[in-house]
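> After the structure tokens below, expect a handful of questions from me.
The values are calculated or read from the model by the stated rules, or taken from the named source; none is laboratory data. All figures in this text were calculated on a predicted structure; none of them were measured in a lab. All Cβ positions, even for glycine, are placed from backbone atoms using ideal geometry, and neighbour counts span all protein chains on display. Ligands, DNA and RNA are excluded from the accessible area calculation, which covers all protein heavy atoms including side chains. Shrake-Rupley method; radii C 1.70, N 1.55, O 1.52, S 1.80 Å.
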Amino acid sequence: MKTKLFFFLFTSFCLNVIFGQNNQSANSVTFPITPVAVTVPPTNAPNEIFRFRPGNITQLDLGSSFTFNNARWFSMGSVVTGTNTAYGLRFQLPNRAVTFGYQSIASNNPRIEWIGTGTGVGNLEFRVANSFTSTTSTLVATMTSFGNSVFGDLALFGTPSATSAEVGIASNNTFSLDVKGGSTAGVNIDNSSLGLKINTSDTGADIVAKVRGINILAGNGSTNAFGANIETTGGADATSVKVSTRASSNSFGIDATAVSGSLNNIAVFGRTPGTSTFEASIFGRTPVGTNRWAGYFDGNVFTTGSYLPSDNKLKSNVTKELNAIEKLNLLNPVTYTYNKISEMNLPEESQHGFISQEFATVFPELTKDITKPVFDNDGKIVSNYTFKGINYNGLISVLTAGFKELNAEVVALKQELADYKANDAVRKALTLDNNISGVIMEQNVPNPFSDQTTIKFQLPKGSNDASIIVMDLNGKLIKEFAITQSIGELKITANEIGKGLFLYSLINNGNEIITKKMVIK
């Protein structure tokens, strides 16, 4: 609140003095006066020295009359000023004065007023001294003619002016202001415009409180309201707000809540101009370790871009991802919906992914046990909740390796097929069915196969030199199976042949009778 200069108007009071309307002593006074001891309360009334009738007492110390410009005098007591009776004390010096008292006997508010003309008005000082006879003292506070109030040494504050701070604190001590508010608020600022403005070259505010260091309420703004508007400029490095919190159980550097917004609620809003080498609207840093997170979000997170560190200089023990398809075949992809639990804010939509416990049997390095605090409505931690999580980003390289392995197999099959087509003439010759009576060789089942297949056959009676041979598309012999029965079946495993496209033929008495093809994958 702006400190105002109250003007105790003693004009009528002084006119009474000037025109000699002051009361005289009841009896004559002899000079010199012999002091007489007086007890408290007085019991020797006959020895009293002075007694005055109701009114005021004045003394002219310099000049010929009670004037304001050249005289020096004092006045105390009561005086009728129109319809009011003023009661107080006035010390008048040439062109300046100071008054103490009540403007009206009925007034509840006493006044201290100093009066002057031009630059002679001066300042009102509050001082303290440690000696009854000393002429020196310590300046405690000053009220200036501009309406400023300065606590401490005015010289440290600077020359007051109409644009100076209305309330200033000047000190050579560690803290200019040390506020202790007991169990409530150290500083409670309620303002509809600017609640608090701190301008300092060192420590702006150092506040120690048992409950709340600063409780700022800002409201009634027609468009915008700011609880604290802090701007730091100058120097090579600047920090507008630096928060350090220490506690035995739970420490919160900043606890922000945004409520009652009819359009938007944003608890923390950060922005940078985009003109520096490195900029981050919000930067979090926490040592890497179990259950430590530079950022933890209990709810959906949206980003227009995301990057992870992947520079070669950041890595060691780099090896090629092997057997990716084999590992991926062990995973069990599922669709699911999250349970509704009070400890976490989980999505309601259908999800696609894995079960962490199953996933950990294949990729344990991509799973982690997580413990999160559970808060009540007042932001107090009431318990902890533990669950398992998956690093889905880490699976991208495995999927890429699996794709490359599968692609290599496809390329090989395409090449074999191309070779097969290129040797079309050989293929046709090898797949001739001579339709010899009594000779049968069925197509292998299953076909294609990856483990084992079966070929049923029948030979004419008297056959004593028969076999089934397997060849590649170029006619190269892969394996030969002797047949000792006239009717039977032959079982062939993939381990015996390999993978790819092959031809197999029934040979009887040195003649190729029937040729068919098989695919091993």
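> With the checklist (1) under 20 Å from residue 57 (Cβ atoms); (2) in a strand (DSSP E or B) in hand, flag the one item residue 140 doesn't pass.
(1)
> Being assigned to a helix (DSSP H, G or I) and exposed (fewer than 13 other Cβ atoms within 10 Å of the Cβ) is the filter here, so list the residues in segment 143-165 that pass it.
155
> Right, here's the next one. Which residues, taken from segment 325-366, are under 19 Å from residue 397 (Cβ atoms) and in contact with an Asp or Glu (Cβ under 6 Å, 6 or more places away or on another chain)?
Result: 325, single match.
> Same structure again: Run down 305, 394, 389, 379 and say which single residue is in a strand (DSSP E or B), open to solvent by less than 50 Å² (accessible area, probe 1.4 Å) and either under 28 Å from residue 254 (Cβ atoms) or in contact with a helix residue (DSSP H, G or I) (Cβ under 7 Å, 6 or more places away or on another chain) (or both).
389
> Whether any residue in segment 106-121 is more than 54 Å from the chain's Cα centre (by Cα), among the basic types (Lys, Arg) and buried (at least 16 other Cβ atoms within 10 Å of the Cβ) is what I want to check.
Within segment 106-121, none of the residues are more than 54 Å from the chain's Cα centre (by Cα), among the basic types (Lys, Arg) and buried (at least 16 other Cβ atoms within 10 Å of the Cβ).
> Within segment 462-473, how many residues are surrounded by fewer than 14 Cβ atoms within 10 Å (Cβ to Cβ) and farther than 15 Å from residue 513 by Cα?
Number satisfying all stated conditions: 1.
> Let me ask something else. Take residue 145 and decide whether it is of a type outside the set (Phe, Trp, Tyr) and touching a strand residue (DSSP E or B) at 6+ places or on another chain (Cβ under 7 Å).
no
> Would you check if there is a residue in segment 279-298 being within 17 Å of the chain's Cα centre (by Cα), over 28 Å from residue 237 (Cα atoms) and open to solvent by less than 100 Å² (accessible area, probe 1.4 Å)?
yes
> Kindly indicate the residue of segment 474-515 that is in contact with a helix residue (DSSP H, G or I) (Cβ under 7 Å, 6 or more places away or on another chain) and among the aliphatic types (A, V, I, L, M) and also surrounded by the most Cβ atoms within 10 Å (Cβ to Cβ) among those meeting that condition.
Out of the qualifying residues, it is 503.
> Does any residue in segment 445-461 that is basic (Lys, Arg) come within less than 9 Å, Cβ to Cβ, of a residue that is in a strand (DSSP E or B) and open to solvent by less than 70 Å² (accessible area, probe 1.4 Å) six or more places away or on a different chain, and which pairs are these?
456/441; 456/488; 456/490
> Can you run down the residue pairs with Cβ atoms below 6 Å, 6 or more apart or on separate chains, where the first is in segment 272-294 and more than 23 Å from residue 365 (Cα to Cα) and the partner is among the aromatic types (Phe, Trp, Tyr)?
none
> May I ask you to list the residues in segment 258-269 that are modelled with pLDDT under 90 and closer than 21 Å to residue 244 by Cβ?
The answer is 267, and nothing else.
> Quick one: in segment 360-417, of everything that is out of contact with any Ser or Thr (no Cβ under 7 Å at 6 or more places or on another chain) and acidic (Asp, Glu), which residue is modelled with the highest pLDDT?
Ranking the candidates gives 365 first.
> Then there is this: Looking at this structure, is residue 134 part of a loop (DSSP other than H, G, I, E, B), open to solvent by less than 70 Å² (accessible area, probe 1.4 Å) and either acidic (Asp, Glu) or modelled with pLDDT under 85 (or both)?
Judged against the criteria, residue 134 is a match.
> Contact list please: Cβ distance under 7 Å, first residue in segment 335-352 and closer than 14 Å to residue 385 by Cβ, second residue exposed (fewer than 11 other Cβ atoms within 10 Å of the Cβ), pairs at least six apart or on different chains.
338/347; 345/299
> List the pairs whose first member sits in segment 494-521 and is at positive phi, whose second member is surrounded by fewer than 15 Cβ atoms within 10 Å (Cβ to Cβ) and assigned to a loop (DSSP other than H, G, I, E, B), and whose Cβ atoms are under 6 Å apart, counting only residues at least 6 apart or on separate chains?
509/465
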